[in-house]
Amino acid sequence: MTETLKAAKCQKRGLFITFEGGEGAGKSTLLAALQQEFSAKGQTVLALREPGGTALGEELRVILKHQATAEPLCAQAELLLMYASRVQLIETKIKPALAQGQIVLCDRHDLSSFAYQGGGRGLPFAAIQAVRTAVIGDFRPDLTLLIDVPVEVGMQRVAARGVRDRFELEQRDFFVRVRSAYLQAAAQLPYVKVLDGTQCPEQVKQAALAAIAACRC
Ligand code: Z5A
(Lines give C-alpha, C1' and ligand atoms only; values in the text may rest on other atoms or scores of the structure.)
Protein backbone atom coordinates (compact mmCIF):
# COMPACT_ATOMS: atom_id res chain seq x y z
CA MET A 1 0.00 0.00 0.00
CA THR A 2 1.44 3.43 -0.91
CA GLU A 3 1.92 6.09 1.76
CA THR A 4 -0.90 8.14 0.19
CA LEU A 5 -3.31 5.22 0.34
CA LYS A 6 -2.30 4.50 3.93
CA ALA A 7 -2.89 8.13 4.88
CA ALA A 8 -6.31 8.11 3.17
CA LYS A 9 -7.26 4.93 5.03
CA CYS A 10 -6.22 6.50 8.36
CA GLN A 11 -8.27 9.62 7.74
CA LYS A 12 -11.38 7.69 6.76
CA ARG A 13 -12.29 6.32 10.19
CA GLY A 14 -11.16 5.97 13.76
CA LEU A 15 -9.80 2.95 15.53
CA PHE A 16 -11.88 0.27 17.22
CA ILE A 17 -10.06 -1.68 19.95
CA THR A 18 -11.71 -4.30 22.12
CA PHE A 19 -10.50 -5.82 25.39
CA GLU A 20 -11.13 -9.48 26.09
CA GLY A 21 -10.22 -12.07 28.68
CA GLY A 22 -11.55 -14.06 31.59
CA GLU A 23 -12.74 -12.50 34.82
CA GLY A 24 -10.07 -10.53 36.65
CA ALA A 25 -7.72 -10.57 33.64
CA GLY A 26 -7.17 -6.81 33.88
CA LYS A 27 -9.30 -5.54 30.97
CA SER A 28 -10.80 -2.55 32.79
CA THR A 29 -7.41 -1.63 34.25
CA LEU A 30 -5.74 -1.66 30.81
CA LEU A 31 -8.63 0.17 29.13
CA ALA A 32 -8.46 2.99 31.71
CA ALA A 33 -4.68 3.29 31.27
CA LEU A 34 -4.95 3.49 27.47
CA GLN A 35 -7.82 5.94 27.65
CA GLN A 36 -5.62 8.20 29.78
CA GLU A 37 -2.67 7.73 27.41
CA PHE A 38 -4.67 8.65 24.28
CA SER A 39 -6.52 11.53 25.95
CA ALA A 40 -3.23 13.00 27.16
CA LYS A 41 -2.14 13.08 23.52
CA GLY A 42 -5.25 15.05 22.61
CA GLN A 43 -7.05 12.18 20.88
CA THR A 44 -10.80 11.80 21.28
CA VAL A 45 -11.56 8.52 23.02
CA LEU A 46 -14.90 6.83 23.58
CA ALA A 47 -14.81 4.17 26.31
CA LEU A 48 -17.62 1.60 26.30
CA ARG A 49 -18.48 -1.73 27.84
CA GLU A 50 -20.49 -4.82 26.94
CA PRO A 51 -23.04 -5.78 27.80
CA GLY A 52 -24.09 -2.16 28.22
CA GLY A 53 -23.05 1.22 26.90
CA THR A 54 -26.53 2.31 25.81
CA ALA A 55 -29.80 2.75 27.72
CA LEU A 56 -31.04 -0.58 26.37
CA GLY A 57 -27.68 -2.26 26.91
CA GLU A 58 -27.47 -1.16 30.54
CA GLU A 59 -30.95 -2.60 31.22
CA LEU A 60 -29.90 -5.86 29.59
CA ARG A 61 -26.68 -5.84 31.64
CA VAL A 62 -28.70 -5.89 34.87
CA ILE A 63 -30.69 -8.89 33.63
CA LEU A 64 -27.59 -10.69 32.36
CA LYS A 65 -25.40 -10.12 35.40
CA HIS A 66 -27.83 -10.07 38.29
CA GLN A 67 -31.03 -11.80 37.19
CA ALA A 68 -32.44 -13.15 40.42
CA THR A 69 -35.77 -14.65 39.39
CA ALA A 70 -36.72 -18.30 39.83
CA GLU A 71 -36.63 -18.76 36.06
CA PRO A 72 -33.07 -19.42 34.90
CA LEU A 73 -31.90 -17.68 31.74
CA CYS A 74 -31.23 -20.36 29.10
CA ALA A 75 -27.96 -20.17 27.15
CA GLN A 76 -29.66 -19.29 23.87
CA ALA A 77 -31.59 -16.39 25.43
CA GLU A 78 -28.36 -15.22 27.06
CA LEU A 79 -26.65 -15.21 23.66
CA LEU A 80 -29.44 -13.24 22.00
CA LEU A 81 -29.49 -10.64 24.79
CA MET A 82 -25.72 -10.21 24.40
CA TYR A 83 -26.19 -9.57 20.68
CA ALA A 84 -29.16 -7.24 21.28
CA SER A 85 -26.96 -5.15 23.54
CA ARG A 86 -24.05 -5.35 21.06
CA VAL A 87 -25.89 -4.32 17.92
CA GLN A 88 -27.56 -1.39 19.71
CA LEU A 89 -24.10 -0.24 20.82
CA ILE A 90 -22.56 -0.69 17.37
CA GLU A 91 -25.30 1.18 15.53
CA THR A 92 -25.86 4.04 17.98
CA LYS A 93 -22.38 4.62 19.45
CA ILE A 94 -19.50 2.75 17.83
CA LYS A 95 -20.13 3.38 14.12
CA PRO A 96 -20.90 7.11 14.56
CA ALA A 97 -17.75 7.59 16.70
CA LEU A 98 -15.57 5.74 14.18
CA ALA A 99 -17.03 7.80 11.36
CA GLN A 100 -15.86 10.92 13.25
CA GLY A 101 -12.35 9.50 13.51
CA GLN A 102 -12.52 8.74 17.24
CA ILE A 103 -10.71 5.95 19.08
CA VAL A 104 -13.29 3.54 20.50
CA LEU A 105 -12.21 1.32 23.39
CA CYS A 106 -14.70 -1.40 24.34
CA ASP A 107 -14.48 -3.59 27.45
CA ARG A 108 -15.59 -6.94 25.96
CA HIS A 109 -17.21 -7.45 22.54
CA ASP A 110 -17.90 -10.24 20.10
CA LEU A 111 -15.19 -12.67 21.22
CA SER A 112 -16.80 -12.83 24.69
CA SER A 113 -19.84 -14.52 23.14
CA PHE A 114 -17.67 -17.20 21.54
CA ALA A 115 -15.73 -17.72 24.78
CA TYR A 116 -18.61 -17.59 27.30
CA GLN A 117 -21.72 -18.76 25.43
CA GLY A 118 -19.68 -21.10 23.19
CA GLY A 119 -16.79 -22.34 25.34
CA GLY A 120 -18.43 -21.80 28.74
CA ARG A 121 -22.09 -22.68 28.10
CA GLY A 122 -21.41 -25.15 25.27
CA LEU A 123 -23.50 -23.56 22.50
CA PRO A 124 -22.23 -24.66 19.06
CA PHE A 125 -19.75 -22.16 17.62
CA ALA A 126 -21.50 -22.44 14.23
CA ALA A 127 -24.78 -21.31 15.82
CA ILE A 128 -23.06 -18.31 17.42
CA GLN A 129 -21.43 -17.46 14.10
CA ALA A 130 -24.85 -17.62 12.42
CA VAL A 131 -26.34 -15.20 14.97
CA ARG A 132 -23.30 -12.96 14.60
CA THR A 133 -23.61 -12.84 10.83
CA ALA A 134 -27.35 -12.19 10.97
CA VAL A 135 -27.04 -9.39 13.53
CA ILE A 136 -23.76 -7.57 12.93
CA GLY A 137 -22.56 -8.94 9.58
CA ASP A 138 -18.85 -8.45 8.96
CA PHE A 139 -18.38 -5.60 11.43
CA ARG A 140 -15.34 -6.32 13.60
CA PRO A 141 -12.69 -4.59 15.71
CA ASP A 142 -9.46 -3.31 14.18
CA LEU A 143 -7.65 -4.90 17.10
CA THR A 144 -8.68 -7.17 19.96
CA LEU A 145 -6.38 -7.28 22.97
CA LEU A 146 -6.91 -10.63 24.69
CA ILE A 147 -5.46 -10.48 28.18
CA ASP A 148 -4.63 -14.01 29.20
CA VAL A 149 -4.17 -15.13 32.81
CA PRO A 150 -4.42 -18.59 34.38
CA VAL A 151 -7.94 -19.17 35.70
CA GLU A 152 -6.74 -19.29 39.32
CA VAL A 153 -5.10 -15.87 39.01
CA GLY A 154 -8.28 -14.27 37.67
CA MET A 155 -10.47 -15.97 40.29
CA GLN A 156 -8.20 -14.80 43.11
CA ARG A 157 -8.27 -11.20 41.87
CA VAL A 158 -12.09 -11.25 41.64
CA ALA A 159 -12.56 -13.01 44.99
CA ALA A 160 -10.87 -10.05 46.65
CA ARG A 161 -13.83 -7.90 45.46
CA GLY A 162 -16.44 -9.76 47.54
CA VAL A 163 -19.92 -9.81 45.94
CA ARG A 164 -20.10 -12.04 42.83
CA ASP A 165 -22.40 -11.77 39.80
CA ARG A 166 -24.19 -14.56 37.87
CA PHE A 167 -21.10 -15.35 35.78
CA GLU A 168 -18.63 -15.15 38.64
CA LEU A 169 -20.66 -17.79 40.50
CA GLU A 170 -19.70 -20.38 37.86
CA GLN A 171 -17.24 -23.15 38.77
CA ARG A 172 -13.57 -23.36 37.77
CA ASP A 173 -14.30 -25.75 34.84
CA PHE A 174 -16.48 -23.11 33.21
CA PHE A 175 -13.63 -20.60 33.22
CA VAL A 176 -11.15 -23.22 31.97
CA ARG A 177 -13.43 -23.73 28.93
CA VAL A 178 -13.77 -19.97 28.47
CA ARG A 179 -9.99 -19.51 28.47
CA SER A 180 -9.47 -22.38 26.06
CA ALA A 181 -12.10 -20.99 23.63
CA TYR A 182 -10.43 -17.57 23.76
CA LEU A 183 -6.99 -18.99 22.96
CA GLN A 184 -8.40 -21.17 20.19
CA ALA A 185 -10.07 -18.15 18.57
CA ALA A 186 -6.92 -16.04 18.96
CA ALA A 187 -4.93 -18.66 17.06
CA GLN A 188 -7.31 -18.26 14.11
CA LEU A 189 -8.03 -14.54 14.04
CA PRO A 190 -5.20 -12.24 12.88
CA TYR A 191 -6.68 -9.14 14.56
CA VAL A 192 -6.49 -10.74 18.04
CA LYS A 193 -3.29 -10.08 20.01
CA VAL A 194 -2.70 -12.10 23.18
CA LEU A 195 -1.13 -10.21 26.11
CA ASP A 196 0.37 -11.85 29.19
CA GLY A 197 -1.89 -10.58 31.99
CA THR A 198 0.35 -11.92 34.75
CA GLN A 199 2.79 -9.12 34.05
CA CYS A 200 2.49 -5.89 36.04
CA PRO A 201 -0.06 -3.32 34.73
CA GLU A 202 2.69 -1.10 33.24
CA GLN A 203 4.18 -4.01 31.28
CA VAL A 204 0.72 -5.01 30.01
CA LYS A 205 0.14 -1.42 28.90
CA GLN A 206 3.46 -1.25 27.04
CA ALA A 207 2.69 -4.53 25.25
CA ALA A 208 -0.74 -3.17 24.31
CA LEU A 209 0.76 0.07 22.97
CA ALA A 210 3.17 -1.95 20.82
CA ALA A 211 0.26 -4.00 19.44
CA ILE A 212 -1.71 -0.82 18.69
CA ALA A 213 1.26 0.77 16.94
CA ALA A 214 1.65 -2.35 14.80
CA CYS A 215 -2.01 -2.40 13.79
CA ARG A 216 -2.46 1.31 12.94
CA CYS A 217 -2.62 1.93 9.21
N1 Z5A B 1 -20.35 -11.85 28.89
C2 Z5A B 1 -20.75 -12.95 28.17
O3 Z5A B 1 -20.98 -14.01 28.75
N4 Z5A B 1 -20.90 -12.86 26.81
C5 Z5A B 1 -20.70 -11.70 26.15
O6 Z5A B 1 -20.87 -11.66 24.92
C7 Z5A B 1 -20.28 -10.55 26.90
C8 Z5A B 1 -20.11 -10.66 28.26
C9 Z5A B 1 -20.04 -9.25 26.21
C10 Z5A B 1 -19.60 -9.04 32.15
O11 Z5A B 1 -19.09 -8.81 33.40
C12 Z5A B 1 -19.92 -10.51 32.11
O13 Z5A B 1 -20.67 -10.77 30.93
C14 Z5A B 1 -18.66 -11.31 32.03
C15 Z5A B 1 -18.79 -12.15 30.78
C16 Z5A B 1 -20.19 -11.96 30.35
N17 Z5A B 1 -18.59 -12.12 33.16
N18 Z5A B 1 -17.61 -12.66 33.67
N19 Z5A B 1 -16.97 -13.26 34.42
P20 Z5A B 1 -18.14 -7.61 33.76
O21 Z5A B 1 -17.92 -6.76 32.59
O22 Z5A B 1 -18.66 -6.94 34.96
O23 Z5A B 1 -16.93 -8.43 34.30
P24 Z5A B 1 -15.56 -8.72 33.68
O25 Z5A B 1 -15.53 -8.28 32.27
O26 Z5A B 1 -15.22 -10.15 33.93
O27 Z5A B 1 -14.66 -7.72 34.52
P28 Z5A B 1 -13.70 -7.98 35.73
O29 Z5A B 1 -14.02 -9.21 36.49
O30 Z5A B 1 -13.69 -6.74 36.51
O31 Z5A B 1 -12.32 -8.22 35.06
P32 Z5A B 1 -11.27 -7.24 34.40
O33 Z5A B 1 -11.90 -5.99 33.94
O34 Z5A B 1 -10.56 -8.05 33.42
O35 Z5A B 1 -10.27 -6.91 35.60
P36 Z5A B 1 -9.89 -5.52 36.31
O37 Z5A B 1 -11.14 -4.93 36.97
O38 Z5A B 1 -9.09 -4.66 35.42
O39 Z5A B 1 -8.93 -6.07 37.43
C40 Z5A B 1 -9.37 -6.97 38.42
C41 Z5A B 1 -8.43 -6.84 39.64
O42 Z5A B 1 -7.11 -7.22 39.26
C43 Z5A B 1 -8.32 -5.40 40.16
O44 Z5A B 1 -8.16 -5.46 41.54
C45 Z5A B 1 -7.04 -4.88 39.52
O46 Z5A B 1 -6.41 -3.90 40.28
C47 Z5A B 1 -6.20 -6.14 39.44
N48 Z5A B 1 -5.29 -6.15 38.28
C49 Z5A B 1 -5.57 -5.72 37.02
N50 Z5A B 1 -4.50 -5.90 36.22
C51 Z5A B 1 -3.53 -6.44 36.99
C52 Z5A B 1 -2.18 -6.88 36.73
N53 Z5A B 1 -1.64 -6.76 35.52
N54 Z5A B 1 -1.49 -7.42 37.75
C55 Z5A B 1 -2.04 -7.54 38.97
N56 Z5A B 1 -3.29 -7.15 39.30
C57 Z5A B 1 -4.04 -6.62 38.31
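Using 0.36 nm times the number of residues separating Leu189 and Ser39, minus their current alpha carbon distance, what extension gain do you get?
Separation in residues times 0.36 nm, less the Cα-Cα distance, equals 51.1 nm.
Applying the Karplus parametrisation 6.51 cos²θ - 1.76 cosθ + 1.60 with θ = phi - 60° to the phi angles of region 137-154, what ³J(HN,Hα) value in whole Hz is obtained for each residue in order, glycine and proline being reported as x?
These are the phi-based 3J(HN,Hα) values: x, 9, 5, 8, x, 6, 8, 10, 9, 9, 8, 9, 9, x, 3, 4, 5, x Hz.
Spelling out what I want: for every residue of region 88-103, take phi, set θ = phi - 60°, compute 6.51 cos²θ - 1.76 cosθ + 1.60 (Karplus), and round to whole Hz; glycine and proline get x.
4, 5, 4, 6, 9, 10, 5, 4, x, 5, 5, 5, 8, x, 7, 8
With every protein chain left in place and a probe of 1.4 Å, what is the accessible surface of His66, to the nearest 10 Å²?
110
When the Kirkwood radius is taken over all Cα pairs of region 165-217, what Stokes-Einstein diffusion coefficient follows at 10 °C and 1.306 mPa s, in µm²/s?
121
Arrange the residues Asp173, Asp138, Asp165 by how much accessible surface each exposes, largest first, with a 1.4 angstrom probe.
Ranked from most to least accessible, the order is Asp138, Asp173, Asp165.
Taking each pair of distinct Cα atoms in region 106-186 once, what is the resulting Kirkwood hydrodynamic radius in Å?
Kirkwood hydrodynamic radius for region 106-186: 13.7 Å.
Show the residues, 5+ positions off or on another chain, whose built amide H is closer than 5 Å to the amide H of Thr18.
Long-range HN contacts for Thr18: Cys106, Leu143, Thr144, Leu145.
How far is it, in nm, from the label point at Gln129 to the one at Arg161 when both lie 7 Å from their Cα along the line to the Cβ?
3.2
Less than 14 Å Cβ to Cβ from Ala32, Lys/Arg counted +1 and Asp/Glu -1: what total charge do the surrounding residues give?
Spelling it out: positives minus negatives among the neighbours equals 0.
Among Lys27/Lys65; Lys65/Lys193; Lys95/Lys193; Lys27/Lys193, which pairs are too far apart, with a Cα-Cα distance over 20 Å?
Lys65/Lys193; Lys95/Lys193
Please give the per residue accessible area of the chain, computed with a probe of 1.4 Å over protein heavy atoms only, in Å².
Accessible area per residue, the chain: 50 Å².
Karplus couplings for region 155-172 from phi (6.51 cos²θ - 1.76 cosθ + 1.60, θ = phi - 60°), rounded to Hz, Gly and Pro as x?
Per-residue couplings from phi come out as 5, 5, 4, 6, 4, 5, 7, x, 4, 10, 8, 4, 6, 5, 7, 5, 7, 3 Hz.
To the nearest 10 degrees, how steep is helix 125-136 against the longest Cα principal axis of the chain, on a 0 to 90 scale?
Once rounded, the angle reads 50 degrees.
Starting from the Cα gyration tensor of region 75-217, take the square roots of the eigenvalues, sort them a ≥ b ≥ c, and report rounded, prolate or oblate (rounded when a/c is under 1.5, otherwise prolate if a/b is larger than b/c, else oblate).
The shape class here is oblate.
The values are calculated or read from the model by the stated rules, or taken from the named source; none is laboratory data. From a predicted model like this one, the values you see are computed outputs, not experimental measurements. We place every Cβ from the backbone using ideal geometry, glycine too, and count neighbours over all the protein chains shown. To get the accessible areas, we keep the full protein, side chains included, count just its heavy atoms, and leave off ligands, DNA and RNA. Shrake-Rupley method; radii C 1.70, N 1.55, O 1.52, S 1.80 Å.
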